[in-house]
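The values are calculated or read from the model by the stated rules, or taken from the named source; none is laboratory data. Because the structure is a prediction, the values reported are computed rather than measured. Please note: Cβ atoms are built from the backbone with ideal geometry, for glycine as well, and neighbour counts cover all protein chains shown. To get the accessible areas, we keep the full protein, side chains included, count just its heavy atoms, and leave off ligands, DNA and RNA. Shrake-Rupley method; radii C 1.70, N 1.55, O 1.52, S 1.80 Å.
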Amino acid sequence: MQNIIIGQYVPGQSFIHKLDPRAKLLTAFLFVIIVFLANNWITYALFGAFTLLAIFVSKLPLRYIYNGLKPILLVIILTFLLHVFLTKEGPLLLDWGFLKVYEGGVEQGIFISLRLLFLIMITSLLTLTTTPIDITVGIETLLGPMKKIGLPVHEFALMMSIALRFIPTLLEETEKIMKAQSARGAQFSSGPMKERLKSIVPLLVPLFVSAFKRAEDLAMAMEARGYRGGEGRTSIRLLKWSGKDTTLFVILLLLCVSLLLLRS
Amino acid sequence: MDITIKDLEHSYSKGTPFERKALSNINLSIPSGTFQTIIGHTGSGKSTLIQHLNGLLKPTQGSIEIGDFKIQAGVKEKRLKALRKHVGIVFQYPEHQLFEETIEKDILFGPLNFGVPEDEAKKRAAKLIQQVGLDESYLSRSPFDLSGGQMRRVAIAGVLAMKPSILILDEPTAGLDPRGRREIMDLFYRLHQEEGLTTILVTHSMEDAARFSDDILIMEKGGIALQGKPETIFSNPHSLKKLSLDVPETVQFIHRLEERFNKNLPHSVFTLEAAVDAALSVLQKGEDS
Amino acid sequence: MEELITVQDVSFRYQEDQPHVLHGVSLSVYKGEWLAIVGHNGSGKSTLAKLLNGLQLPEKGDVLVEGYNSRDEESIWEIRRRVGIVFQNPDNQFVGTSVRDDVAFGLENSGMARELMLERINESVQKVRMEDYLDQEPHRLSGGQKQRVAIAGIIALRPSIVILDEATSMLDPAGRKEVIQTMRKLKEEEGMTVISITHDLEEAAQADRLVVMNAGEVIDEGLPAEVFKKGDMLEQIGLDLPFPLQVQRALSERGYDFSRLTLSQKELVNELWTLQSKI
């Protein structure tokens with residue numbers, strides 16, 4: 001329990017790691033939009049090049065990228081097959097009587113799958129190279145202006161950071177309570193399903209009780225340390241927009257322009 | 001049930017980059033009916049060791065024999081539940097394990113899990129609630145309406161209700177005030193004597209270690225640093241100081257008296273009365289001369 | 001001596017249909033002293049701590065901190081800035097995701113400029129000797145270290161008073177020593193006023209002054225040597241006398257007369273030596 005990694009963050013010192021979280025968040029967001037601009041082989045190749053370059057620069061082991069893809073690989077394959085069999089455009093390639101595959105379908109299938117693949121790679125790259133707390137601070141700053149229209153941005157960010165802070169504590173607690181109840185004969189990992197389900201209550205009740213107690217204590221400690229909402233509060237965490245971040249946006253802009261020129 | 005531990009080793013997160021050896025080269029035997037105390041700094045491996053005694057942790061090397069149960073590295077023990085019936089653990093802050101609507105139900109949780117008939121379990125609960133210093137009217141109340149100290153007593157009753165023959169206590173008095181501490185330790189010692197329980201106490205209190213133990217085990221960095229009877233362990237304060245551990249106040253007092261009065265005094269002095277007698281002896285010897 | 005906190009005839013209960021937790025409590029805290037408030041669990045001593053920095057308000061009577069009355073809404077923030085509390089559970093008061101973030105929390109609340117915050121953080125982590133752990137996450141720290149971080153977070157705000165609300169009761173002996181030594185240093189070097197709420201009379205014996213609480217009332221107050229004369233009373237309310245006093249009391253019962261109360265073993269052995277040479 002000493003080595004829990006929260007989120008997916010993999011520590012590193014690469015160009016991507018050092019980017020301002022706001023730059024990364026904005027890039028990921030823009031990427032999601034402009035990926036829809038691609039509509040032919042050359043524009044998809046461009047996206048592919050951008051994504052692979054980003055992964056290469058991040059110096060992350062490919063294993064992590066693959067781990068991020070694994071859970072949705074099936075979705076991608078399904079999307080591919082649906083498009084292959086349901087799009088009836090261009091010359092006929094295969095004809096099994098009830099199933100007909102057209103060239104347009106294959107192309108469509110590949111494009112859509114690639115689009116999904118790129119999206120997931122870029123967003124996992126964001127979470128793999130940015131600590132959860134930096135993502136939180138980034139979101140808080142980016143959404144800062146929304147405070148004016150009454151969006152509880154500060155409260156949301158504080159909630160996130162407290163959640164991050166307490167995840168390891170609560171995991172440790174869960175382990176402790178599981179052990180204590182196991183010692184009293186509860187079965188969590190073996191035995192009939194019915195027994196295992198029954199053992200959830202002796203685990204959850206103490207966890208809730210303790211989480212509430214912690215929340216109460218924490219609220220009091222925060223109040224004692226002068227907390228009174230986001231108004232007039234300053235922050236120790238400083239986000240620095242540097243040359244790197246501007247570079248990223250120049251690249252992104254170039255990508256956009258090329259896309260507009262090259263799409264058919 | 002005798003306990004025999006051979007060449008025990010335990011590594012956390014074995015086979016990952018985070019692998020950390022928590023115990024190594026532990027050889028220990030605890031004869032049935034012993035009061036065994038385990039002392040050591042936080043992180044010395046005490047908690048890891050005791051969790052092996054009822055199969056909550058499995059050895060990565062070596063073996064543990066408890067009665068005719070045997071837990072061995074790499075071998076799956078099928079009778080873990082049966083073993084756990086015999087080995088009760090009172091964890092640190094045991095009040096955190098309470099979950100039932102009523103105190104009685106919570107005390108029954110262990111015994112019923114281990115197949116004790118309900119009426120027998122209820123009889124035990126009624127007896128135990130008194131033994132831990134609350135009266136029977138508490139049985140129908142919610143454990144969450146009690147004070148921290150009372151909750152601790154209920155949790156302890158819940159472990160005792162399993163009628164274990166080995167009772168493991170992981171800092172059972174942490175956070176209690178002096179009176180609560182004394183009452184709880186007296187209860188455990190009485191049970192140890194009356195029911196012949198093998199008792200394994202993990203503690204930071206040298207006073208408790210000196211007063212109750214048949215044998216003391218001092219752990220450091222996952223290994224055994226010292227082991228022996230209280231009088232042996234505490235007769236050499238220097239070896240304890242080297243481990244940054246304290247000596248019981250009574251022992252400190254005797255050593256100070258010996259130094260100041262330049263006299264030899266008995267060393268196995270662990271109670272207030274004995275310390276007072278020692279003081280009297282130096283004063284009275286003064287009168288003689 | 002300058003009086004920093006004045007508690008005047010304060011009564012308090014958590015809810016109207018519940019019994020009072022404090023009845024007519026009055027006491028003073030003076031600048032630069034180490035005041036120990038002792039009592040068993042449930043004697044009202046922790047509730048008193050919460051009244052001292054405005055986390056709870058008295059039902060009757062007043063709490064004044066450097067002239068600010070906790071009843072005035074405007075004063076509350078002044079009071080909280082002046083009185084910091086280290087609570088019992090090291091985990092439940094650690095707000096930040098790292099040591100730096102946590103020490104910063106109170107400063108951020110006060111709206112301090114970032115540059116000044118960094119200065120204050122560095123200064124205060126050094127005082128509690130946690131400067132090597134600034135980027136460490138809380139679950140990798142020991143209990144004693146977490147409590148030292150809590151102290152750093154408080155002293156960064158330059159308060160006049162630090163309250164230790166059973167801050168050592170969940171720690172192992174090593175952690176307990178760390179915390180007490182840190183506070184002692186702060187008191188001696190910085191002139192910090194310390195209120196330590198505890199049931200550990202060994203620790204209380206080292207205090208400048210003692211307040212004894214039982215069932216929501218102050219039942220005694222004075223220098224440790226004075227209060228410890230009433231050993232039977234302390235034991236009756238569930239506290240344990242320090243070992244040297246217990247030995248001394250047993251010897252007095254057998255007719256030995258001591259010239260003074262011995263709070264440490266060293267003093268006791270010296271007294272015994274004097275007694276023996278008189279005989």
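Values for this structure:
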{"read-out": "Matching residues in region B:148-169 - criterion: being open to solvent by less than 10 Å² (accessible area, probe 1.4 Å) and within 14 Å of chain C (Cβ to nearest Cβ)", "value": "B:R152"}
{"read-out": "Count - residues of region B:185-223 that are more than 23 Å from C:M170 (Cα to Cα) and β-branched (V, I, T)", "value": "3"}
{"read-out": "Conditions (1) farther than 17 Å from A:R237 by Cβ; (2) within 11 Å of chain A (Cβ to nearest Cβ); number of the one not met by C:K127", "value": "(2)"}
{"read-out": "Residue within region C:144-164 that is in a loop (DSSP other than H, G, I, E, B), on the phi > 0 side of the Ramachandran plot and open to solvent by less than 20 Å² (accessible area, probe 1.4 Å) present", "value": "no"}
{"read-out": "Residue in region A:198-220 that is more than 14 Å from chain B (Cβ to nearest Cβ), modelled with pLDDT of 90 or more and either over 17 Å from A:L158 (Cβ atoms) or over 30 Å from the mean Cα position of the chain (by Cα) (or both) present", "value": "yes"}
{"read-out": "All strands (runs of 3 or more DSSP E) inside region C:13-80 with 1 or more residues being within 14 Å of chain B (Cβ to nearest Cβ) and open to solvent by less than 40 Å² (accessible area, probe 1.4 Å)", "value": "C:34-38"}
{"read-out": "The lone exception for C:S98 - which of (1) hydroxyl-bearing (S, T, Y); (2) closer than 20 Å to A:L238 by Cα; (3) open to solvent by 30 Å² or more (accessible area, probe 1.4 Å) it fails", "value": "(3)"}
{"read-out": "Failed condition for B:S29, given (1) assigned to a helix (DSSP H, G or I); (2) within 17 Å of the chain's Cα centre (by Cα)", "value": "(1)"}
{"read-out": "Residue count, region B:57-84 (criterion: part of a loop (DSSP other than H, G, I, E, B) and buried (at least 21 other Cβ atoms within 10 Å of the Cβ))", "value": "1"}
{"read-out": "Region A:231-264, subset more than 30 Å from C:E166 (Cβ to Cβ) and at the interface with chain C (Cβ under 10 Å from one of its Cβ atoms), residue least open to solvent (accessible area, probe 1.4 Å)", "value": "A:T234"}
{"read-out": "From A:G150, A:G185, A:G97, residue being surrounded by fewer than 13 Cβ atoms within 10 Å (Cβ to Cβ), farther than 21 Å from A:V32 by Cα and outside the structural domain of A:P21 (by TED's automatic domain parsing)", "value": "A:G150"}
{"read-out": "Identity of the residue in region C:88-105, out of contact with any Pro (no Cβ under 9 Å at 6 or more places or on another chain) and outside any loop (DSSP other than H, G, I, E, B), that ends up farthest from the other protein chains (Cβ to nearest Cβ)", "value": "C:V103"}
{"read-out": "From B:D106, B:D135, B:D145, residue being acidic (D, E) and surrounded by 14 or more Cβ atoms within 10 Å (Cβ to Cβ)", "value": "B:D106"}
{"read-out": "Region B:5-28, residues that are more than 14 Å from every other protein chain (Cβ to nearest Cβ) and either over 15 Å from B:I50 (Cβ atoms) or open to solvent by 70 Å² or more (accessible area, probe 1.4 Å) (or both)", "value": "B:K6, B:D7, B:E9, B:S24, B:N25, B:N27"}
{"read-out": "Residue within region C:219-242 that is part of a loop (DSSP other than H, G, I, E, B), within 12 Å of the chain's Cα centre (by Cα) and surrounded by fewer than 20 Cβ atoms within 10 Å (Cβ to Cβ) present", "value": "no"}
{"read-out": "Flag for B:D277 being closer than 29 Å to C:W273 by Cα, free of Cβ contacts under 8 Å to residues at least 12 places away in the same chain and acidic (D, E)", "value": "yes"}
{"read-out": "Whichever residue in region B:85-103 is part of a helix (DSSP H, G or I), open to solvent by 20 Å² or more (accessible area, probe 1.4 Å) and out of contact with any Ser or Thr (no Cβ under 8 Å at 6 or more places or on another chain) and, among such residues, is farthest from the other protein chains (Cβ to nearest Cβ)", "value": "B:E95"}
{"read-out": "Test: C:D102 is in contact with a Ser or Thr (Cβ under 8 Å, 6 or more places away or on another chain) and not hydroxyl-bearing (S, T, Y)", "value": "no"}
